[in-house]
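Trainee: One structure, pasted below without further comment.
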Amino acid sequence: MKFSFPLAVKMVLIDLDGTLIDTVPDLAAAANRMLADLGRPQWPLERIRTWIGNGVPRFVKRALTGEMWAEPDAAAFEPALALFQKRYAADVSGRSRPFPGAVEALERLSAMGFSLACITNKAEAFTLPLLKDLELDKYFHLVLSGDSLPKQKPDPLPLTHACRHFGITPDHGVLVGDSSNDVQAARAAGMPVICVTYGYNHGQDIRESHPDAAVDSLTEVPQYLKLYA
């Protein structure tokens, strides 16, 4: 489906990790503490950055194996997952910060009258405290985490669920993300998608996934939108 700008929408869905907040420092710290607890070698932050985007269990598997889709020994995985969850829950926001321009963009989008939702694959136990600690929760009318629904991105369910919540069709919403997961979810839902160029996306240039637009800062997003009447 071809979308034209400015997009006439009522709802703006915003991804969390790599789009709204730079969460790598806390994720890396928790992962490396987990590995240290297990007597395993630790990983550099930039390597860990490429592993974010498919939920906590897959992230832990990548930390254990050093590979994107490898499966660690089942006996090793469960205690590692529990250790990571404990470590990350204890310090989910100490080093994480909104990306430059993120708060400004949220203020502008709110002022323009859009309904805002945060759509993330991060588990709710980490998502809600992170948003609250960084005082970003006040901007969102809906937060859908990776375990809020039976399926997560790249499945379109979180997007279509948000549409039903706000009483709109997918073409009157827009997803703002940073990864191919976001593009795939939006395409499957029939929703336009704008991606930031600075996100994680497993180290790949997001423009190769062909979002409807690519921006260098969230402050650019409002210029692509108008409020649907």
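The values are calculated or read from the model by the stated rules, or taken from the named source; none is laboratory data. Small disclaimer: the values here were computed from a predicted structure and weren't measured. Counting neighbours? That spans all protein chains shown, and the Cβs are built from the backbone with ideal geometry, glycine included.
Trainee: Exactly one condition in (1) over 17 Å from PRO129 (Cα atoms); (2) more than 14 Å from the chain's Cα centre (by Cα) is not met by VAL12; state its number.
Mentor: (2)
Trainee: Output yes when any residue across the stretch 39-49 is in contact with a helix residue (DSSP H, G or I) (Cβ under 7 Å, 6 or more places away or on another chain), within 28 Å of ALA162 (Cβ to Cβ) and not hydroxyl-bearing (Ser, Thr, Tyr), and no when none is.
Mentor: Yes; the residues of the stretch 39-49 include at least one that is in contact with a helix residue (DSSP H, G or I) (Cβ under 7 Å, 6 or more places away or on another chain), within 28 Å of ALA162 (Cβ to Cβ) and not hydroxyl-bearing (Ser, Thr, Tyr).
Trainee: When residues of the stretch 188-225 are filtered for being assigned to a strand (DSSP E or B), in contact with a Leu (Cβ under 7 Å, 6 or more places away or on another chain) and touching a residue at least 40 places away in the same chain (Cβ under 8 Å), how many remain?
Mentor: Total satisfying the criteria: 2.
Trainee: Restricting to the stretch 187-201, name every residue that is closer than 22 Å to ARG97 by Cα and in contact with a helix residue (DSSP H, G or I) (Cβ under 8 Å, 6 or more places away or on another chain).
Mentor: Answer for the stretch 187-201, where residues must be closer than 22 Å to ARG97 by Cα and in contact with a helix residue (DSSP H, G or I) (Cβ under 8 Å, 6 or more places away or on another chain): ILE194, CYS195, VAL196, THR197, GLY199, TYR200, ASN201.
Trainee: Now a separate question. Which one of the conditions (1) modelled with pLDDT of 95 or more; (2) not assigned by TED's automatic domain parsing to the domain that holds ASN181 does MET11 fail to meet, given that it meets all the rest?
Mentor: (2)
Trainee: Quick one: GLU46 ticks every box in (1) free of Cβ contacts under 8 Å to residues at least 12 places away in the same chain; (2) more than 18 Å from the chain's Cα centre (by Cα); (3) more than 30 Å from PRO222 (Cβ to Cβ) except a single one, so which number is it?
Mentor: Only one criterion in (1) free of Cβ contacts under 8 Å to residues at least 12 places away in the same chain; (2) more than 18 Å from the chain's Cα centre (by Cα); (3) more than 30 Å from PRO222 (Cβ to Cβ) is unmet by GLU46, namely (2).
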